[in-house]
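Take a look at the structure set out below.
Bear in mind that the values in this text are calculations on the coordinates, not laboratory data. Predicted model, so just to flag it, every value in this text is computed and none were measured. Because the Cβ atoms are built from the backbone with ideal geometry, glycine has one as well, and the counts that use them run over all protein chains shown.
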Amino acid sequence: MKPNIIVALLVGLVLGFVGGRVTGGPSTKAETKPAAAAAAPAGRRPVDPTVFKVPLDGSPSRGNPEALVTMVEFSDYECPFCSRANATVQKLEEDYGKKLRVVMRQNPLSFHARAKPAALAALAAGEQGKYWEMHEKLFANQKKLDDASLEQHAKDLGLDIAQWKASQEDPKLQAIIQKDQALAQQLGASGTPAFFINGRFLSGAQPIDNFKALIDEEYGKAEALVKGGVAARDVYAKIIEKGQEKAAPKAQPQQPAPSVRKIDVPAESPSFGPTTAKVTIVEWSDFECPYCSRAVPVLKQIKETYAKDVRVVFRHQPLPFHGSAKLAAEASEAAHEQGRFWEMHDKLFANQKALDRASLEKYAAELNLNVAKFKGALDSGKFKAKVEADSAAGSAVGANGTPTFFINGRELVGAQPFDSFKRVIDEEIAKADKLLAGGTKAEELYAKINAENVANAPAPAPAGAPAEPPVQKVEVGNAPVKGAANAPVTIVAFSDFECPFCGRVVPTLKQIEEQYQGKVKVAFKNQPLPMHANAKAAAAAALAAHEQGKFWEMHDKLFANQRALDRASLEKYAQELGLNSEKFKSALDSGKYAQQIEADSAEGSRLGANGTPTFFINGRTLVGAQPFDSFKRVIDEELKKAGGTVAGNK
């Protein structure tokens, strides 16, 4: 997937989305909403007043069956945002006691391979009266959802393992999951976590205050029903009896036209197909990217179908969070030097889990390459510059993610099916035939048709002003700070040292520091995500370095070495920075920073920073590893408010 797409997803994470979650609630006709629905407590987004008919159907529940508020959750045990929301649910149960009942329904998402087995494991535990115990086990151990781990969890809970295994094979449990998933889709809750509070939809791992606002509102309505004579046990049924059974169809957003770019084709880049082909496809790819591997059979089909009419050119875009991608790219170029690029290309994509140096050398031997020459090329780094040049060229034309294709300059993003390529290829062949009939030489065809495509591309539609969350009060507190104390703009970053997107924004923050000297200060707060096993330890290490006056030096070390955040590596970095190693180790051993890290994380959640990185620029939210210009726009607006000057006018 493209990183810019991923950043958009991260925006969704924090503003109501998430890895698997859908932003916002189901759409309804505007005329059905009371005017009062537009209002919401300060700092909170309004919740759609529509009540949905969400049956309970004997789903696992806990809490008072006569509670006046029932919260039905659709969840996925492999979804990290569901895990985070589970902590919120636990706190709500603690705070509301007998006023709140929680009901769980299953929605294992298709791209979480272990989510459905985990759901079956929980339901099977429920057959022995231990659903909720397994529920908590699964969320506490999201990295351990393989079959052996699930069985160990069952043993830990004292289940009858033979019975538990037999229950998982029972078609009844499969049917429950299918029914829950169908209901979620019907209600417009296609992602996770999704909540229906007395039938009203609240999407995602939102701050606890958003839950409480809706629960309090619904509790007041339920109390009125009880005062009117409705028995407490009948309140939920009464509330949803006239509820909407299906979400109204959502209007499909107009898709922006794909980019059209002038795309150069370096003579040394690997390719197949004639150089005078009517259509040239330039691909930016990453040998460790699973989506790129899915495109391989499609490209083979293109080669077979359009042998004389299509040329495919391969360029490198190893993504920073794929640790073996750069070396694999260099290995493919070393094979290209010996005339075997495409054979190595296929080897690498067929073995994406084994791209270490030893494996690469093994593939070279299997392809009968001159292995000594191959090793020498890798040892010398002779193809590093080529790989980096490809990557830079890809970024320059918007191919920041993989795979990205340009068909005669027309962008096609992702591992799309053959028919998506065929439609564009056929259109381009028709254009090429006209140019050739008009006298264009075959060797000039690509340059001419690419230029015409760029010239004829529709201008992008002007973007509407994006909705922006309300400005919030964000305290710096005891966070590490860099920049002038009296700077008119303060950026508070909530970040995670193991998050690749957080790593990408480090150069942007350095650029801000350089261009806004004295005008901007940056405060760092920790938001270690539950799916990043080393993030909390790294956060503690950074604060231990801060205690010795070296936070930002450790900050840079950690982001430069995101694949090595184990305890031994953290101690090594402390030595490299000249810290007092004993004091550093003692700080980590004592857990003295655990409370500060938890406080940072809780504050981030309260403010809506449920994903990383999230920035508050004078209290204004900016989500994700966005480019410098996105920061610049907000910073310049804030400087104008303060009567300051903007970047470039110092």
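For Glu547 paired with Asp379, estimate the spin-label separation in nm (one decimal), with each label point 7 Å from Cα along the Cα-to-Cβ line.
Result for the modelled spin labels: 4.5 nm.
With a Förster radius of 22 Å, plug the Cβ-Cβ distance of Lys300 and Arg357 into 1/(1 + (r/R0)^6) and report the FRET value to the nearest 0.05. Could the numbers behind the result be given before it?
Details: r = 28 Å, r/R0 = 1.27.
For Lys300 and Arg357, the calculated efficiency is 0.20.
Tell me the net charge near Ala540. Cut-off is 15 Å between Cβ atoms, Ala540 excluded, with +1 for each Lys or Arg and -1 for each Asp or Glu.
On the way: positive: Lys525, Lys536, Lys550, Lys557, Arg567, Lys583, Lys585, Lys592; negative: Asp496, Glu498, Glu547, Asp566, Glu571, Asp589, Glu598, Asp600.
Here the charged neighbours net out to 0.
Compute the orientation-averaged projected area for the range 481-641 from the convex hull of its Cα atoms and round it to one decimal in nm².
On the way: hull surface 35.5 nm².
About 8.9 nm², averaged over all directions.
How charged is the neighbourhood of Lys572? Take every other residue with its Cβ under 13 Å from the Cβ of Lys572, and add Lys/Arg as +1 and Asp/Glu as -1.
Details: positive: Lys557, Arg567, Lys585; negative: Asp566, Glu571, Glu576.
Combined, the nearby Lys, Arg, Asp and Glu give 0.
Among Ser359, His322, Ala602, flag the residue with its Cα farthest along the positive direction of the charge dipole of the chain, charges on Cβ as +1 for Lys/Arg and -1 for Asp/Glu.
The residue sitting farthest along the positive end of the dipole is Ala602.
Sorting check: for 199-206, 563-570, which peptide has the highest mean count of neighbouring beta carbons within 10 Å, and how do the rest follow?
Details: 199-206: 24.4, 563-570: 15.4.
In descending order of packing, they fall as 199-206, 563-570.
Using a Cα-Cα cut-off of under 28 Å, which lysines could be cross-linked to Lys238, ignoring same-chain neighbours fewer than 8 residues away?
Lys29, Lys33, Lys53, Lys91, Lys98, Lys99, Lys179, Lys212, Lys221, Lys227, Lys246, Lys250
If Lys and Arg each add +1 and Asp and Glu each add -1, what is the summed charge of the other residues whose beta carbon sits under 10 Å from the beta carbon of Leu327? Show your work: numbers first, answer last.
Working: positive: Lys326, Arg357, Lys384; negative: Glu288, Glu330, Asp356.
In short, 0.
Please find the FRET efficiency linking Lys221 to Asp147, where r is the Cβ-Cβ separation and R0 is fixed at 35 Å, and quote it to the nearest 0.05. Present the calculation step by step, with values, prior to reporting the outcome.
Numbers: r = 45 Å, r/R0 = 1.30.
In this case the efficiency is close to 0.15.
If the chain between Asn370 and Ala451 were fully stretched, how many nm would it gain, using 0.36 nm times the residue separation less the Cα-Cα distance? List each step's numbers first, then the result.
Working: separation 81, 0.36 × 81 = 29.16 nm, distance 4.11 nm.
The span from Asn370 to Ala451 would gain 25.1 nm if fully extended.
Any chance you could get the radius of gyration and Dmax over the Cα atoms of the range 316-357, in Å?
Rg and Dmax of the range 316-357, Cα atoms, are 9.8, 29 Å.
Considering only DSSP states other than H, G, I, E and B, which GluC sites (Glu not before Pro) in the range 71-178 qualify as loop sites with at most 12 other Cβ atoms within 10 Å?
On the way: sites: Glu73, Glu78, Glu93, Glu94, Glu127, Glu133, Glu136, Glu151, Glu169; in loops: Glu78, Glu127.
Listed in order of number, the matching sites amount to none.
For Ala248 and Glu444, compute 0.36 nm times the residue count separating them, minus their Cα-Cα distance, and round to one decimal in nm.
Values: separation 196, 0.36 × 196 = 70.56 nm, distance 5.24 nm.
Taking 0.36 nm per residue and subtracting the Cα distance, the gain is 65.3 nm.
Can you compute the helix-only [θ] at 222 nm over the chain? Use -39500 (n - 2.57) per DSSP H run of at least 4 residues, normalise by all residues, nearest 500 deg cm²/dmol.
On the way: 25 runs with 303 residues, N = 650.
Mean residue ellipticity at 222 nm (helix-derived): -14500 deg cm²/dmol.
Figure the gain on full extension for Ala533 and Lys155 (residue separation times 0.36 nm, minus the Cα-Cα span) and round it to one decimal in nm.
Details: separation 378, 0.36 × 378 = 136.08 nm, distance 2.42 nm.
Residue separation times 0.36 nm, minus the Cα-Cα distance, leaves 133.7 nm.
Setting aside same-chain residues fewer than 8 positions from Lys583, which lysines have a Cα under 23 Å from its Cα?
Answer for Lys583, where 23 Å is the Cα cut-off: Lys525, Lys536, Lys550, Lys557, Lys572, Lys592, listed by chain and number.
Distance in nm between label sites at Asp57 and Val471, each 7 Å beyond Cα in the beta-carbon direction?
Result: 4.8 nm between the two label points.
Suppose R0 equals 56 Å. What FRET efficiency, 1/(1 + (r/R0)^6) with r the Cβ-Cβ distance, do Ala484 and Leu436 give to the nearest 0.05?
On the way: r = 63 Å, r/R0 = 1.13.
Here the calculated transfer efficiency is 0.30.
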